[in-house]
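Heads up: the structure comes next, in structure tokens.
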Amino acid sequence: MWRKFMDDSPTHASASPGITMAEVFSPMLEPTSLEATISECSLEAKPSDIFTRKLKERLLSCCYIMLLMFIPILIFVLVLEYRRLMLSDPEPYIANGTFHLAHTSCGPVEGMAIDRGFEFLGVPYAIPPVGNKAKHAGENVDYTWMPGTPPFRLEHCWNNVLKYPKSKPQECLQIRPLADGHFETYGSQDCLTLDIYSPYIGYDTPSPVVVVIAVPTLVGGWIDQAHQDQATPSAALAREKGVVFVVPRFRLGPMGFLPRLLLNDTSSVIKDSTSFQDSVLQAQKTLLNLEKSYNLGLTDLFAALIWVSSNIEHFGGDPSLVTLLGWGAGADLVNSLTTSKHPKGHPYLFTQAWVSHGRLTQVESEVYNETSHNRTDSDFKAGYHLWENSPCNSKHSTYDPLCLVSLPPKKIFESVPHDWIKSGHPWLQPDNFVYQKSAKAVWSHEHPPYDFPLVLGSTIHGYADTLSDCETIETEAASNFIKLHSSAESAKSAESDESAENFLTPVNSTDVQENLARISTTQLTCPLWNLAQKADRTFNSGVFFYLVSFEETVPCRDGTRLSLAGGLSDISAILGRFRHTDKASTRFASHFQDVFYDFVVDGSLPGKVRATQGLYDFGEVMQMKSSYPQCATGHGH
């Protein structure tokens with residue numbers, strides 16, 4: 001307004017001759033022009049006018065400023081997240097088949113990236129128990145009959161990098177049945193290695209560790225690779241579950257569990273004896289020094305756990321969170337590890353244990369009196385039968401255990417009597433060195449030396465092999481049913497509650513599924529639940545029991561089908577090997593996996609129903625039950 005006025009001022013007007021001052025000011029003094037001027041300069045503006053003209057401009061300016069400030073912050077956050085993904089998630093940057101290194105106390109180890117995880121095979125954890133002499137404190141030491149010994153000298157380790165093997169590492173010497181009814185010995189004595197399956201290699205976020213100990217019997221016994229794969233983890237599963245798996249190999253059969261009396265210094269006693277029975281009596285009189293353990297397979301497992309404690313962090317594992325997973329005879333070994341004397345300096349080698357399908361073979365053979373006639377006689381007879389089958393036996397030779405133990409390991413395995421394999425010879429027996437008392441003795445009558453969360457479990461048809469055909473399953477069921485009759489009669493004639501508590505009188509039936517259920521109930525489910533209940537009264541951390549009842553179908557040649565919850569159902573579900581044939585089987589396997597891997601992390605099961613309160617029944621969905629009627633007879637449930 002004032003600019004307009006100045007533009008029309010006299011100084012400017014002088015440039016326009018003929019215009020007077022009155023003519024200049026007369027328009028401004030007119031009523032209409034004056035009202036317009038006052039209205040334009042008025043302070044009584046409407047709120048909408050103020051927002052539109054003033055506040056809107058300020059708000060827009062503030063938004064521009066905030067946006068300029070936020071963009072650098074956003075860029076900074078995105079850079080941090082990108083760096084975190086670069087460091088912690090190797091998936092986009094690691095291709096299958098590429099090699100990667102991890103470090104151990106004996107040197108670097110080469111592994112392979114497979115299915116987004118990592119696989120390290122055949123890593124040595126103990127000195128090979130072979131006949132070659134090794135220098136130790138200036139003396140020659142033969143490690144063939146020595147307990148599992150972790151490497152303690154540079155000479156025991158490898159040079160440079162331990163390469164990823166071109167073929168699968170050798171298994172320990174063992175015996176497996178063949179289709180024609182014969183048996184085959186295979187494997188190597190140089191076998192104390194382990195396999196590791198890890199989700200990643202790093203130290204930022206250590207993963208829980210699961211040590212898998214799974215063997216059908218203590219002489220081995222996997223029918224083929226397909227069966228063994230059911231109890232073997234994978235790198236893909238390690239990645240999926242965020243768990244580090246460790247699978248140790250350990251000595252089996254006579255090289256891992258030879259009766260201790262056989263291998264003590266009995267040569268002078270044996271050679272001075274006139275007969276086998278006389279040698280037993282002489283051994284009792286001289287009170288042999290039983291200071292060594294010849295449960296060498298157990299000492300191997302302790303050496304493997306020591307290795308895990310010292311080295312697993314280099315493979316992304318957490319040594320303070322270790323779960324033992326035992327299946328079959330491996331379950332018996334896990335039970336034994338929980339009550340055995342731990343190596344000096346290593347009081348805590350595991351955090352918790354999950355025991356599946358354990359047959360408690362060591363329980364029935366235990367004799368509490370270490371100097372008893374029965375125990376000594378039994379061990380010497382076992383040694384004699386082994387020697388009798390060996391090349392040491394000839395028409396003019398006398399029983400000499402020193403000849404037996406000097407044979408090549410494979411020859412000793414080939415000398416194992418076949419009836420030991422068929423009848424389940426009690427290889428695992430308490431000794432005075434490592435395995436002092438059985439799990440049943442400790443859990444039933446004493447406080448265990450180590451308190452930890454424990455899960456025991458089985459399946460409804462635990463003796464059924466669902467990977468076999470119907471005809472094989474039916475034949476094995478009939479054979480096991482005859483053995484069950486015989487065992488029940490023996491238990492009755494013994495007139496002992498302790499010996500009879502694991503036997504229920506079978507009922508004659510032609511139904512294969514029913515017979516298999518009764519055999520498993522008698523031999524597996526009820527004895528295990530009975531033991532779990534006893535253990536639960538002594539463990540502070542809690543003991544839990546489960547039963548898998550989900551049934552998978554086995555097609556038969558005649559078009560019929562068997563529905564069975566077989567012996568491998570639980571371990572195969574845990575390790576991602578269960579056959580997914582429909583939605584129901586997928587739900588079962590997924591839910592059972594979730595329960596197991598939650599236990600690996602927190603040491604508990606959903607609802608925390610302890611064995612003295614009931615059991616967990618895993619069908620398509622999990623149910624918690626307070627009783628199991630099939631175990632009511634003779635067990636007091």
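Taking neighbour Cβ counts within 10 Å as the exposure measure, how do 116, 561, 58 sort from fewest upward? The partial results should precede the final answer.
Details: 116 17, 561 12, 58 9.
In order of increasing Cβ crowding within 10 Å: 58, 561, 116.
Sorting 581, 525 by the number of Cβ atoms found within 10 Å of their own Cβ, with the fewest placed first, yields 581, 525.
Taking a Cβ cut-off of under 11 Å around residue 129, the surrounding Lys, Arg, Asp and Glu residues balance to a net charge of -2, with basic ones at +1 and acidic ones at -1.
FRET efficiency for the residue 154 to residue 310 pair, using the beta carbon distance and R₀ = 22 Å, is estimated at 0.85.
Between residue 411 and residue 612, the simple label model (points 7 Å from Cα in the Cβ direction) yields a spacing of 5.5 nm. Given R0 = 45 Å, the distance between the Cβ atoms of residue 469 and residue 95 translates into a calculated FRET efficiency of 0.65. Ordering 175, 230, 246 by the projection of their Cα atoms onto the charge dipole of segment 143-246, which places +1 on the Cβ of Lys and Arg and -1 on the Cβ of Asp and Glu, puts 246 at the extreme positive end.
Among 68, 321, 402, rank each residue by its count of other Cβ atoms within 10 Å, from fewest to most, as a rough exposure measure.
Ascending number of Cβ neighbours within 10 Å: 68, 402, 321.
Would you give the gap between the C-alpha center of segment 300-342 and the C-alpha center of segment 456-477, rounded to a whole Å? Each part's Cα centre sits 29 Å from the other's.
Which of 341/534; 344/608; 411/440; 168/440 have a Cα-Cα distance over 31 Å? Result: 344/608; 411/440; 168/440 exceed 31 Å.
Using a cut-off of 30 Å between Cα atoms, the listed pairs 166/437; 163/437; 166/422; 241/625 include 166/437; 163/437; 166/422 as exceeding that distance. Here the calculated FRET efficiency for residue 587 and residue 627, from their Cβ-Cβ distance with R0 = 30 Å, stands at 0.75, rounded to the nearest 0.05. Electrostatic tally near residue 615: other residues with Cβ closer than 15 Å to its Cβ, Lys and Arg +1, Asp and Glu -1, net +1.
Every number here is computed from the coordinates shown, using simple stated rules; none is lab data. Quick caveat: nothing in here was measured; it's all calculated off a predicted structure. All Cβ positions, even for glycine, are placed from backbone atoms using ideal geometry, and neighbour counts span all protein chains on display.
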